[in-house]
Amino acid sequence: MKALSRGGAWQSGPFLVDQLLRYAAERSPDRVALRVGRESITYCELDAAADRVASALAEQGVGIGDRVGLHLEKSVAGVAALYGTMRAGAAYVPIDPAAPPLRAAFLATDCSVRALVSDPERIAMLRDADAAAAPRGITVGPGDPPVGFIGWEEVNAASVNPPRVPVSDADLAYILYTSGSTGRPKGVAITHRNSLTFIRWALHELELRDGDVFSNHAPFHFDLSTLDLFGSAGAVATVSIVPHDVAMFPVLLADWIRSERITVWYSVPSALSMLVRYGGLETRALDSLRLVLFAGEVFPTRYLSRLMHLVPQARFFNLYGPTETNVCTFEEVTRAPEQDDPPISIGRACENYRCVVTDEEGTVMTGAGSKGELIVKGSCVARGYWGDPGKTAAGFPDAFTYRTGDLVEILDDSSVPRYRFIGRRDNMIKTRGYRVELGEVEAALYTHPAVSECVAVPLPDELMGNRIVAFCTVSGGADAEELIRACRERLPAYMVPAQIFVVVSLPKTPNNKYDRAALAKQAAKTANQPS
Amino acid sequence: MSDRVPTREVRDVLAAIIGGDAASSVDENDLLFEQGLIDSLHLIELIDLLQERFGMEVESDELSPENFESLRAMAGYVRRKRGSHI
């Protein structure tokens with residue numbers, strides 16, 4: 001039993017996410033906190049940089065309860081800005097640097113950012129889309145700061161003693177936007193307490209320690225990144241950000257993991273599947289890895305099994321949890337699954353979290369074999385969706401409870417049973433670990449004036465989870481290419497349909513709903529035919 | 001002649017992934033990944049299509065920036081692959 005030491009020093013604090021950085025800087029000032037390509041920064045320097053950002057933001061009027069958008073490529077400055085935002089009392093809102101300007105501007109205005117940290121080129125594009133998306137802030141990188149913005153040199157000259165702000169652990173630390181079924185992305189509002197509940201659990205359960213070198217593969221707008229950033233700070237370890245071009249080519253990624261001596265890897269399964277399939281691991285032993293963590297979708301048995309044989313010294317954990325709960329269940333995979341085994345379990349509830357399974361009437365179900373919706377309870381549960389009381393009420397029945405919409409099967413009769421994911425209650429799918437509400441894809445298609453009706457369906461794919469295929473009826477002469485272009489202007493790349501079929505009519509079920517199952521079958525059939 | 005054909009065919013493959021409009025405006029020396037024209041999701045589709053279209057097997061070590069960074073690089077790679085097998 002390790003219950004006595006559970007949480008360790010963290011039982012008595014810190015209570016704010018950015019305090020993890022301060023604590024690390026006090027304990028090991030000269031340890032490298034972060035590496036981005038050839039650039040690196042120690043804990044002491046990063047802590048000071050965060051203070052300077054906080055001072056600069058305060059000077060611009062950012063204070064407790066505000067939001068600051070971060071719209072930039074990953075960099076040392078970007079991480080300093082993320083901590084600096086929290087230290088100024090505000091919540092950081094990461095915006096995908098590759099997002100189309102329309103979408104990026106929507107996110108920034110939806111949560112009415114007080115300031116933005118970005119580069120001059122992106123600021124110009126945002127302002128073109130909506131001036132309110134980039135009111136003021138800080139620029140990074142080359143180029144003169146536009147009106148209202150200050151350059152990074154000015155940040156470097158700012159005070160390392162920012163104004164003290166009375167932040168509590170019930171205040172927001174960050175807002176992560178995720179796909180919304182009606183076409184509007186939803187901002188999941190995470191408090192310091194929510195985030196630290198998860199980080200404390202991870203530090204203890206995964207035995208994260210100061211000799212570790214974490215990789216960071218996930219984008220900052222994806223919740224997996226919080227373990228890389230804050231788990232490494234909590235453990236006073238180093239985090240190294242996977243360079244963009246390295247992430248693209250599995251062989252380069254394998255070489256990078258080796259040369260960086262990465263010990264803790266966390267990503268969606270598809271990144272690992274690509275590494276197994278094309279990484280040349282037979283001649284590139286990943287012998288520094290001690291923890292391989294994955295989350296976001298089901299890991300195809302074939303690739304997981306090969307990975308476990310190729311990296312025999314590592315421990316493997318399947319982590320599960322929607323953005324709204326952080327990680328809430330986990331399973332250590334100790335035996336490489338066989339080809340015909342059922343999908344691996346999502347495991348049991350993390351300590352200090354409670355999970356229940358309910359049927360459609362909300363009755364709690366127990367016992368092996370029962371199936372229903374997974375409900376998560378605890379201080380990990382997000383405060384709700386930013387500025388959307390309706391959706392918050394539907395998803396969060398009370399302040400500590402979230403209805404995941406995920407259907408699971410209970411696998412055993414213990415009081416903290418293990419679960420297996422079996423499907424969704426609605427039209428949300430996963431592609432490369434990203435949540436996609438098919439309704440949001442359809443909403444983007446409907447913005448094209450020629451589209452009369454449309455349905456988006458998933459096309460299962462072993463490496464990626466799902467691709468998206470859409471069927472549309474149109475009036476007038478729009479072709480598939482034009483419709484894809486309309487999607488590209490509004491949706492991030494992972495949500496743009498791989499294929500759009502313009503059809504004469506869409507099949508309906510007897511009760512006059514679109515027959516999604518028939519369309520999914522049709523999509524699969526077309527995919528299997530050589531074009 | 002043999003120099004031109006694969007570039008056009010590789011452009012067709014790219015068009016199947018990012019759309020004909022976008023693909024036709026790509027210069028053969030444009031850096032596809034650096035300029036954000038394709039991402040890792042596209043790369044998987046690209047490999048599938050190249051293998052299908054040109055009847056070849058992409059090996060791990062060949063999946064490199066040298067072979068995939070631009071249309072010209074991909075065309076050269078396909079030519080070398082075909083030359084060595086046919």
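Please treat every number below as a calculation from the coordinates, not as lab data. As the structure is a computational prediction, the values presented were derived from the model and not from experiment. Using ideal geometry, Cβ is built from the backbone for each residue, glycine included, and neighbour counts are taken over all protein chains shown.
Here the Kirkwood formula puts the hydrodynamic radius of the stretch A:69-171 at 13.9 Å, using every distinct Cα pair. Using the Stokes-Einstein relation with a Kirkwood hydrodynamic radius computed over Cα pairs, the translational diffusion coefficient of the stretch A:199-246 at 10 °C and a viscosity of 1.306 mPa s comes to 147 µm²/s. Angle of helix B:40-54 to the longest C-alpha principal axis of chain B, folded into 0 to 90 degrees and rounded to 10: 40°.
In terms of Cα atoms, the Rg and Dmax of the stretch A:143-274 work out to 18.0, 48 Å.
Working note: Karplus 6.51/-1.76/1.60 with θ = phi - 60° gives the stretch A:298-305 the couplings 6, 7, x, 3, 4, 6, 4, 4 Hz, where Gly and Pro are set to x. Spatially, the stretch A:376-407 and the stretch A:187-202 are offset by 14 Å when compared through their Cα centroids. Which of the lysines could a cross-linker span from residue A:525 if the Cα-Cα distance has to be under 26 Å and same-chain partners fewer than 8 positions apart are dropped? Within the straight-line cut-off, residue A:525 pairs with A:430, A:508, A:513.
Pairs of Cα atoms nearer than 8 Å and 6+ residues apart set the relative contact order; for chain A it is 11 percent. Each other residue within a Cβ distance under 14 Å of residue A:346 adds +1 if Lys or Arg and -1 if Asp or Glu, for a net charge of -1.
Centre-to-centre, using Cα atoms only, the stretch A:34-112 and the stretch A:288-318 are separated by 32 Å. In plain terms, if you count all Cα to Cα distances in the stretch A:330-399 and split them into 10 Å steps from zero, the share in each step is 16, 36, 32, 14, 2 percent.
Counting every pair of alpha carbons in the stretch A:230-277, the share spaced more than 17 Å apart comes to 35 percent. Taking other residues whose beta carbon is less than 13 angstrom from the beta carbon of residue A:251, and scoring Lys, Arg as +1 and Asp, Glu as -1, yields -4.
Averaged over peptide B:29-39, the number of partner chain Cβ atoms lying within 10 Å of each residue's Cβ comes to 2. Here the protein assembly as shown was treated as a single set of alpha-carbon atoms; its pair distances binned every 10 Å from 0 give 3, 16, 26, 28, 19, 7, 1, 0 percent. Compactness of the stretch A:338-458 is given as radius of gyration and Dmax, 17.1, 55 Å, from Cα positions. Counting charges near residue A:105 (Lys, Arg +1; Asp, Glu -1) among other residues having Cβ under 10 Å from its Cβ returns a value of -1. With all pairs of separate Cα atoms included, the stretch A:274-352 yields a Kirkwood hydrodynamic radius of 13.4 Å.
Each residue of the stretch A:310-321 is assigned a 3J(HN,Hα), and the resulting list reads 7, 10, x, 7, 7, 9, 10, 10, 8, 9, 10, x Hz, derived from the Karplus form 6.51 cos²θ - 1.76 cosθ + 1.60 (θ = phi - 60°), x at Gly and Pro. DSSP beta bridges confined to chain A are antiparallel in about 60 percent of cases.
Coupling constants for the stretch A:335-348 follow from the phi torsions by the Karplus curve (6.51 cos²θ - 1.76 cosθ + 1.60, θ = phi - 60°), and in residue order they are 10, 4, x, 7, 3, 8, 5, x, x, 5, 5, 8, x, 10 Hz; glycine and proline get x.
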